[in-house]
Amino acid sequence: MSVINRRWVLASRPNGQPALENFRLEEQELPDPGAHEILIHARYFSVDPGMRSRLSSDSYAAALKEGELIEGAMVGVVQASNNEKFAAGDLVTGGFGWQEYALSNGRGVAKLNASLFQPPLTVTTAIGILGIPGLTSYFGLLDLGKPQEGNTVLISSAAGPVGATAGQIAKLKGCRAVGIAGSQAKCDYVVKELGFDACINYKEVDDLQAAIAEHCPDKVDIYFDNVGGEMLDAAILNMNEKGRLIISGAVSEYNKSEPRGIRNTLHFITHRLRMEGLVVYDYFKRFPEAQAEMAGWISTGRLKFTEDISEGIEGAPAAFIGLFEGENHGRRLIKVS
Ligand SMILES: NC(=O)c1ccc[n+]([C@@H]2O[C@H](COP(=O)([O-])OP(=O)(O)OC[C@H]3O[C@@H](n4cnc5c(N)ncnc54)[C@H](OP(=O)(O)O)[C@@H]3O)[C@@H](O)[C@H]2O)c1
């Protein structure tokens with residue numbers, strides 16, 4: 001039996017901060033699954049700051065065209081299947097966007113490993129700490145940062161899902177973790193609940209470079225950057241010799257038509273610094289090993305996470321826009337009613 005699917009599409013390209021009118025909620029009738037196809041009923045999908053780039057121009061994936069489905073990660077249940085790899089009732093995940101149903105030929109669909117998703121690992125963690133955000137922290141910090149015991153690791157947007165996970169993994173590796181976040185409540189969360197050693201509320205300091213110096217008396221060995229712009233430049237001036245800068249994201253730059261860019265490049269020469277970006281999908285084959293290790297840390301209470309879930313597909317654009325106002329406390333997800 002065909003279903004009526006509601007989905008958010010790009011209505012117009014944002015100019016600067018995205019606005020509600022850039023998004024349009026559409027209804028479409030989906031046919032029954034054809035040969036080798038499955039119909040997935042969404043339970044949750046994600047809103048992600050990195051998606052902002054694709055609303056305006058090409059990113060690591062091509063820019064969305066007007067009228068195209070908005071991108072997001074989904075966890076859902078197979079409602080009907082003509083594909084031998086999937087059965088009705090299977091829990092699956094994939095990049096199916098902001099919509100209630102997805103019709104798929106099975107490519108890019110992953111079945112949730114039932115042995116992994118046991119309490120306290122809810123299905124939402126498949127698109128949270130055990131999904132793209134957590135994996136970005138894991139591979140960014142461990143593969144690119146190569147943390148050594150005693151290193152100081154500085155993390156921007158430290159209360160977000162990527163930053164919070166990166167800081168905790170740094171602690172698990174015997175490092176000193178110092179966060180930067182946009183409110184006292186977020187700083188209290190990362191220090192008191194997640195075990196970071198210190199946190200700087202960047203909205204309350206006049207001189208971020210000096211504040212980093214104060215909280216990192218041995219300087220910074222690894223900077224895990226989610227923000228870019230001025231914060232990155234302030235971090236560069238606090239790096240130790242042979243320091244590593246991991247470029248995970250640049251949320252302060254996504255809404256700008258003219259990015260500020262990096263200014264303190266001279267420090268790269270004098271301090272022999274190395275900066276490297278990552279696209280987490282490059283590690284796709286190694287996702288299971290990372291998920292298994294992180295699941296172990298979570299089950300023994302050494303890795304914590306927070307999810308910020310709102311109900312109803314209607315609220316997705318506002319939830320997304322709020323990411324650029326610092327509204328989210330943890331991984332922001334939409335529960336599909
Ligand atoms: N490279 C990859 O493969 C990959 C994969 C996934 C995600 N990422 C990137 O990782 C970063 C973190 O993602 P996430 O999912 O964990 O989201 P997130 O950090 O929760 O992003 C939203 C937060 O960013 C901060 N923010 C927003 N505008 C800002 C500004 N102008 N200056 C400073 N901070 C600002 C806010 O926190 P405050 O209240 O602290 O300001 C806000 O709550 C993003 O840049 C994302 O694009 C990269």
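Any read-out appearing in this document is the output of simple, stated calculations on the displayed coordinates, not a laboratory observation. Keep in mind it's a predicted model, so treat the numbers as computed, not measured. Note that we place each Cβ from the backbone using ideal geometry, even for glycine, and neighbour counts take in every protein chain shown.
With charges set only on the Cβ (+1 for Lys and Arg, -1 for Asp and Glu), what does the dipole of the chain come to about its Cα centre, in debye to the nearest 20? List each step's numbers first, then the result.
Details: 33 positive and 41 negative charges, 151 e Å.
Taking the Cα centre of the chain as origin, the dipole is about 720 debye.
Setting aside same-chain residues fewer than 8 positions from residue 111, which aspartates and glutamates have a Cα under 17 Å from its Cα?
Cross-link targets: 37, 84, 90, 289.
R0 = 45 Å: FRET efficiency of residue 15 with residue 84, Cβ-based, nearest 0.05? Could the numbers behind the result be given before it?
On the way: r = 47 Å, r/R0 = 1.05.
In this case the efficiency is close to 0.45.
Would you please classify the overall shape of the chain from the alpha carbon gyration tensor, given that a ≥ b ≥ c denote the square roots of the eigenvalues, rounded means a/c under 1.5, and beyond that prolate means a/b larger than b/c while oblate covers the rest?
Values: a/c = 2.12, a/b = 1.58, b/c = 1.34.
Taking the square roots of the gyration eigenvalues as a ≥ b ≥ c, the chain is prolate.
If you place +1 on the Cβ of every Lys and Arg and -1 on the Cβ of every Asp and Glu, how big does the dipole about the Cα centre of the range 132-281 come out, in debye to the nearest 20?
On the way: 15 positive and 18 negative charges, 71 e Å.
Computed about the Cα centre, the dipole is about 340 debye.
Test of understanding: ordering 91, 266 by Cβ neighbours within 10 Å, fewest first, what list do you get?
Values: 91 18, 266 10.
Ordered from fewest to most neighbouring Cβ atoms within 10 Å, 91, 266 come out as 266, 91.
With θ set to phi - 60° and the Karplus curve 6.51 cos²θ - 1.76 cosθ + 1.60, what are the ³J(HN,Hα) couplings of the range 69-81 in order, to the nearest whole Hz, using x for Gly and Pro?
4, 6, 6, x, 8, 10, 10, x, 10, 5, 8, 8, 9
Counting other beta carbons within 10 Å of each residue's own, what order do 206, 218 fall into, fewest first?
Placing the least packed residue first, the sequence is 206, 218.
Please give, to one decimal in nm, the separation of the simple spin-label points placed at residue 118 and residue 269, each 7 Å out from Cα toward the Cβ.
5.7
Report the Cys residues of the chain lacking a disulfide-compatible partner, meaning no second Cys Cβ under 4.7 Å from their Cβ.
175, 216
Charges on Cβ only, +1 for Lys and Arg, -1 for Asp and Glu, centred on the Cα centroid of the range 132-281; of 195, 145, 179, which one is farthest towards the dipole's positive end?
Of 195, 145, 179, it is 145.
Report the Stokes-Einstein translational diffusion coefficient (µm² s⁻¹, integer) for the range 132-281, Rh taken as the Kirkwood radius over Cα pairs, at 37 °C with viscosity 0.692 mPa s.
221
Toward the positive end of the charge dipole of the range 132-281, about the Cα centre and with charges on Cβ (Lys, Arg +1; Asp, Glu -1), which of 280, 213, 158 goes farthest?
It is 280, whose Cα lies furthest towards the positive end.
Among the listed pairs 203/242; 171/335; 146/173; 219/242, which are separated by more than 21 Å between their Cα atoms?
Numbers: 203/242 29 Å; 171/335 32 Å; 146/173 10 Å; 219/242 11 Å.
In this structure, 203/242; 171/335 exceed 21 Å between Cα atoms.
Taking square-rooted eigenvalues a ≥ b ≥ c of the alpha carbon gyration tensor, is the range 128-203 rounded, prolate or oblate, where a/c under 1.5 means rounded and, failing that, a/b exceeding b/c means prolate?
Working: a/c = 1.92, a/b = 1.27, b/c = 1.51.
Taking the square roots of the gyration eigenvalues as a ≥ b ≥ c, the range 128-203 is oblate.
What is the set of long-range amide H partners of residue 240 at a cut-off below 5 Å, with H atoms built 1.01 Å from backbone N?
HN-HN under 5 Å from residue 240: 220, 221.
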